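Here the structure comes first, spelled out in structure tokens, and everything after it is commentary.
The values are calculated or read from the model by the stated rules, or taken from the named source; none is laboratory data. Keep in mind the model is a prediction, meaning the values are calculated, not measured. Cβ placement follows ideal geometry from the backbone for every residue including glycine, while neighbour counts extend to all protein chains displayed.
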Amino acid sequence: MQNNTGAAENQPITFPNFYLEKSDLFTMRDSHFVGHDGFVVPNDFEEFHKRFPDYVRKWVSKHAATSASQEDIEDWTQDLLIHLSRLPLMSKYREAGKEDIVATFDPLRHYGANEARFRNYINLCLANKFRTMHSKRMKDALCRPGNLSLGGEKSDDQYSVDDLCHTHSAHLRAAQEACQKHSQDRAFLQEFLNFVRREDAKALPTIQALMTTGTRGEAACWLGIAELEFDRMHTRVRHLARCFVSGEPVPKQRRPYKRRRESSACELVG
């Protein structure tokens, strides 16, 4: 990254009440978070891309396979830029006025606002999305390496397309059945999402987070909540899924449990 330690006109405002043992101090200048190393955190994607136009491209070039073509790198770069430039429609950050992923960086949750911590946050967001994109790509038969060209000429040591189909007919039938099952699963998932949207739309972000990341810890981080709170939301999704399959009525969502204050307990005892 280029130097981002330009002088600001306003007097910095520190946050001593937010300082933790493993946190770095940061300040606020001209509505920007500034790390203890002088790094100025971009407020949104537009500012991030203007200051670091090649950041995502370089990240993709570093993490893509050595066999990846330049066209693939360009496509992945554009997809990741689009991912950073907008939040999902159901993201809770939209209620706070955030519109893109860069704007959701929180120095309190990431223990500081220096360059290393900001880089780590952006890299984590890119890695999660890139992993999802790569998984979908590998499921696409047209994108798999080693495919046989139907229009190519056959050498002496190659099978023809007819020979290949005859030899692997059982495999092709299994692949067709797997494709049909995949289509059925997608239809089933869409029916479930429609069911959740009707019965308890507040559970949709939890499902979307799990589908995007794949693990509870990453999903909780993606939503910006504690894992304990995410577990409670995940339990609600499991209840909805059971009701969807069994046809039972959907129970009301239980309120989060709050421990009673010790003073109140003492008053009752007294």
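Some notes on this structure:
- Entirely in region 110-206, the helices (runs of 4 or more DSSP H) that have 3 or more residues that are modelled with pLDDT of 85 or more and either outside the structural domain of residue 54 (by TED's automatic domain parsing) or out of contact with any strand residue (DSSP E or B) (no Cβ under 6 Å at 6 or more places or on another chain) (or both): 115-139, 169-199
- Qualifying residue in region 6-14 (condition: at pLDDT below 90, loosely packed, with under 15 Cβ neighbours inside 10 Å and within 27 Å of residue 134 (Cβ to Cβ)): no
- Any chance residue 81 is without any contact (Cβ under 8 Å) to a residue 40 or more places away in the chain and part of a loop (DSSP other than H, G, I, E, B): no
- Considering residues of region 32-73 that are of a type in the set (S, T, N, Q) and at pLDDT 90 or above only, the residue nearest to residue 114 (Cα to Cα): 43
- Top-ranked residue of region 26-61 - restricted to ones that are under 26 Å from residue 131 (Cα atoms) and aromatic (Phe, Trp, Tyr), ranked as surrounded by the most Cβ atoms within 10 Å (Cβ to Cβ): 48
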